[in-house]
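**Student:** Here it is, the structure, as structure tokens.
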Amino acid sequence: MRNSLLISCLITAGILSACNSGGSSSDSGGDQPSQQWTNQIGAASNGGGRITYDPVKNMAYRDYESGGKVLCMVSGSASASTPWDCNTLNNNLPSNISIGSTNVVTDNSGNVYAFGAGNSQSYLLKYDGSSWTSYPLTGAPTDGNSIGDSIFFYNGNFYAVSYSGSSGNVTTNLVGYNSSGSYVGSINNLYNGSSQLQYATSAIYNGRIYVTANNQVQSINLANPSDIQNFTAIPSPAGGMTIGLTVNSSGIVACNIYGIFSNSLNNGGWSNIGYTYSITQSGQTAYIGCMYAASKGNKALVVGYTPDSGSGVNAVYLQP
């Protein structure tokens with residue numbers, strides 16, 4: 001067990017000091033979480049790992065950095081003792097091409113996609129279950145903007161993040177490509193915020209992209225970016241930033257270290273719906289939430305905490 005380091009981090013973050021002896025106080029995100037999420041998918045493992053779920057093949061995917069991008073996968077029905085496969089996806093990459101995006105997406109047909117780079121060229125990479133195919137990205141205008149590291153799937157196309165501006169005032173665009181890597185158009189001036197839009201803190205559902213920044217959530221119409229819905233703030237003490245978000249027919253699920261929170265699509269208000277780990281010290285209990293999230297049907301899959309999270313070991317849990 002490596003609880004000591006994690007406890008030290010929690011004290012530094014102010015989590016334990018914000019909790020009373022009976023559970024979370026009002027300063028730590030509202031009501032005490034209702035239950036611990038214990039339905040673990042795959043074994044606990046090193047690496048943070050943004051998570052993606054493919055309903056066609058019932059597979060979950062994660063990524064982490066280890067001398068380069070490493071992609072791992074496991075069945076969406078795997079037991080907590082089943083190790084993640086971190087070899088198959090990485091051993092079959094095309095020669096001299098490395099994965100550049102911090103996440104993968106699926107296309108509703110069982111294929112996995114990522115952006116990659118190599119040979120002085122950017123690529124759309126497709127994994128069909130047995131091998132990768134690389135498609136050079138072509139035709140996009142060169143507007144001088146920096147290209148971010150996320151990939152999104154929407155309306156049959158794949159989108160990279162293009163952004164301009166400086167820290168504190170950043171404009172995000174989405175640059176679209178079809179499944180062969182050809183440019184199909186951009187969604188310009190989609191989001192303005194303190195930093196660029198990222199996959200981990202946003203999710204696309206029913207033609208809208210949901211974005212969280214500074215614990216605020218916006219829903220933006222991808223066909224008409226001026227159509228914006230603002231949600232009430234996600235409960236969290238100062239400094240407890242929301243770092244994971246997913247959306248499905250049941251509503252929005254958001255992750256931060258203080259808990260797992262949900263809200264309806266019509267902004268009915270946030271509820272603390274659980275935690276993945278708890279620590280008690282000197283009569284104070286901290287209920288710890290999650291880092292990243294994806295959807296499996298109308299439930300959330302989250303990357304959450306374990307007794308060894310202080311040394312970088314985390315696990316994936318399915319919403320009860």
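The values are calculated or read from the model by the stated rules, or taken from the named source; none is laboratory data. For clarity, every value in this text was computed on a predicted model and none was experimentally measured. Every residue, glycine as well, gets a Cβ built from its backbone with ideal geometry; the counts of neighbours run over all protein chains shown. Just so you know, the surface numbers come from the protein's heavy atoms only, side chains and all, with ligands and any DNA or RNA stripped out. Shrake-Rupley method; radii C 1.70, N 1.55, O 1.52, S 1.80 Å.
**Student:** Considering (1) β-branched (Val, Ile, Thr); (2) open to solvent by less than 30 Å² (accessible area, probe 1.4 Å); (3) within 26 Å of residue 155 (Cα to Cα), say which one residue 228 fails and leave the rest.
**Tutor:** Condition not satisfied by residue 228: (2).
**Student:** Just one of 252, 257, 273 is buried (at least 23 other Cβ atoms within 10 Å of the Cβ), of a type in the set (Val, Ile, Thr) and in contact (Cβ under 8 Å) with a residue 60 or more places away in the chain; which is it?
**Tutor:** Going through 252, 257, 273 in turn, the sole match is 257.
**Student:** Can you work out which of the residues in the range 308-320 that are surrounded by fewer than 17 Cβ atoms within 10 Å (Cβ to Cβ) and touching a strand residue (DSSP E or B) at 6+ places or on another chain (Cβ under 7 Å) is modelled with the highest pLDDT?
**Tutor:** Among residues in the range 308-320 that are surrounded by fewer than 17 Cβ atoms within 10 Å (Cβ to Cβ) and touching a strand residue (DSSP E or B) at 6+ places or on another chain (Cβ under 7 Å), the one modelled with the highest pLDDT is 320.
**Student:** Taking residue 240 as meeting all but one of (1) modelled with pLDDT under 95; (2) open to solvent by 10 Å² or more (accessible area, probe 1.4 Å); (3) not in a strand (DSSP E or B), write down the number of the exception.
**Tutor:** Among (1) modelled with pLDDT under 95; (2) open to solvent by 10 Å² or more (accessible area, probe 1.4 Å); (3) not in a strand (DSSP E or B), the lone unmet condition for residue 240 is (2).
**Student:** Please work out which residue is farthest from residue 172 (Cα to Cα), limiting yourself to the range 196-221 and to residues that are of a type in the set (Gly, Ala, Ser) and more than 16 Å from the chain's Cα centre (by Cα).
**Tutor:** Here the residue is 207.
**Student:** If residue 196 passes every condition in (1) part of a loop (DSSP other than H, G, I, E, B); (2) modelled with pLDDT of 90 or more; (3) closer than 20 Å to residue 50 by Cβ but one, which one does it miss?
**Tutor:** Residue 196 satisfies all of (1) part of a loop (DSSP other than H, G, I, E, B); (2) modelled with pLDDT of 90 or more; (3) closer than 20 Å to residue 50 by Cβ except (2).
**Student:** Just to check your reading of the model, which residue among 209, 204 is surrounded by fewer than 21 Cβ atoms within 10 Å (Cβ to Cβ) and hydrophobic (A, V, I, L, M, F, W, C)?
**Tutor:** Sole residue among the options that is surrounded by fewer than 21 Cβ atoms within 10 Å (Cβ to Cβ) and hydrophobic (A, V, I, L, M, F, W, C): 204.
**Student:** Restricted to the range 291-320, and to residues that are assigned to a strand (DSSP E or B) and among the β-branched types (Val, Ile, Thr), which residue is nearest to residue 38 (Cα to Cα)?
**Tutor:** Filtering the range 291-320 for residues that are assigned to a strand (DSSP E or B) and among the β-branched types (Val, Ile, Thr), the one nearest to residue 38 (Cα to Cα) comes out as 316.
**Student:** Something else now. Under the condition of being among the hydrophobic types (A, V, I, L, M, F, W, C) and closer than 13 Å to residue 46 by Cα, which residue from the range 59-97 is modelled with the lowest pLDDT?
**Tutor:** Result: 70.
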